[in-house]
Amino acid sequence: MKKVAYFRVSTTDQSIESQRDALLKAIGLTEFDKEYSDKVSGATEAMKREGFRTMVEHCLSKGDTLYLYSIDRIGRDAIDIQKTIRDLLQAGINVYVVGLGLLTDQVGAIVTGVLAHIAQLERIKINERTGAGRVLANKTFKATGKTHNGKLSLGRPKKIDCGDVLKWRRTNKASIADTAKHFGISAASVKRCATLA
């Protein structure tokens, strides 16, 4: 009977280390037989994630135990979380969640239902906070020319100065392709600079 852990983080700059440490400490193990992870939003269905799908299809079997740091590591969609947990339990796979312990069919269904809805609410709140941040940035930008964080633009930072690009191109009588290569930008960016001038 394998002890398998699954971890998920939402962004590539986050690490699974804190989840792994907390999970190992909670169950008193030093390592798992197998570990799987994904760096993807919780809004993505569990079986559409490469790590989770590989774990279910090629590793987990009846009698194995899946260890999770939190129920929301499976996702932030209530229906998907409940379906995934139900499918695992029906396949004879034990599911252990830190703070909840081993889920059973009856208790697992109730607890998973409640926690799945909480996870989905958190996803809604994240979207609301993101939207509120965009509104504040736009409002502040219109009033001051800077965002609420002090940035000079609402988009990603500019990679180039169009004035420098056009000046270099004129001075060197360079083609669009040569200019793009010199500055490490696309030909479309060089053309865009020309239209903005």
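The values are calculated or read from the model by the stated rules, or taken from the named source; none is laboratory data. Worth saying up front: this structure is predicted, and the values here are computed from it rather than measured. Glycine gets a Cβ as well: all are built from the backbone with ideal geometry, and neighbour counts include every protein chain shown.
Taking the condition assigned to a loop (DSSP other than H, G, I, E, B) and among the hydrophobic types (A, V, I, L, M, F, W, C), does PHE32 pass? Steps first, answer last, please.
On the way: assigned to a loop (DSSP other than H, G, I, E, B): yes; among the hydrophobic types (A, V, I, L, M, F, W, C): yes.
In short, yes.
Enumerate the pairs (first residue in segment 71-91 and free of Cβ contacts under 8 Å to residues at least 40 places away in the same chain; second residue anywhere and in a helix (DSSP H, G or I) and of a type in the set (D, E, K, R)) with beta-carbon separation below 6 Å, excluding pairs fewer than 6 apart on the same chain, so at least 6 apart or on different chains.
From segment 71-91, the pairs are LEU89/ASP105.
Applying the selection to segment 1-26, what residues are surrounded by 17 or more Cβ atoms within 10 Å (Cβ to Cβ) and either over 13 Å from the mean Cα position of the chain (by Cα) or in a strand (DSSP E or B) (or both)? So that I can check it myself, show each step before the final result.
Within segment 1-26, the first condition is being surrounded by 17 or more Cβ atoms within 10 Å (Cβ to Cβ), and the residues that meet it are 3-9, 16, 19-20, 23.
Scanning segment 1-26 gives LYS3, VAL4, ALA5, TYR6, PHE7, ARG8, VAL9, GLN19, ARG20, LEU23.
LYS181 is checked against (1) of a type outside the set (Val, Ile, Thr); (2) more than 28 Å from THR130 (Cβ to Cβ); (3) touching a residue at least 12 places away in the same chain (Cβ under 8 Å) and fails just one. What number does that condition carry?
It fails just one condition, (3).
Could you pull out every one of the helices (runs of 4 or more DSSP H) wholly within segment 84-197 that has 1 or more residues that are within 28 Å of the chain's Cα centre (by Cα) and either at pLDDT 85 or above or surrounded by 10 or more Cβ atoms within 10 Å (Cβ to Cβ) (or both)?
Details: elements: 105-144, 162-172, 176-183, 187-196.
Qualifying helices (runs of 4 or more DSSP H): 105-144.
Suppose the filter is closer than 26 Å to ILE126 by Cβ, in a helix (DSSP H, G or I), in contact with a Lys or Arg (Cβ under 6 Å, 6 or more places away or on another chain) and free of Cβ contacts under 8 Å to residues at least 60 places away in the same chain; does MET47 pass it? Walk me through how you get there before you give the answer.
Working: closer than 26 Å to ILE126 by Cβ: yes; in a helix (DSSP H, G or I): yes; in contact with a Lys or Arg (Cβ under 6 Å, 6 or more places away or on another chain): yes; free of Cβ contacts under 8 Å to residues at least 60 places away in the same chain: yes.
Taking the combined requirement at face value, the residue satisfies it.
Kindly list the number of the only condition in (1) without any contact (Cβ under 8 Å) to a residue 40 or more places away in the chain; (2) farther than 21 Å from ARG76 by Cβ that fails for ILE27.
(1)
Is there a residue being exposed (fewer than 15 other Cβ atoms within 10 Å of the Cβ), at pLDDT 90 or above and among the small types (Gly, Ala, Ser) anywhere in segment 27-39?
Yes, segment 27-39 has at least one match.
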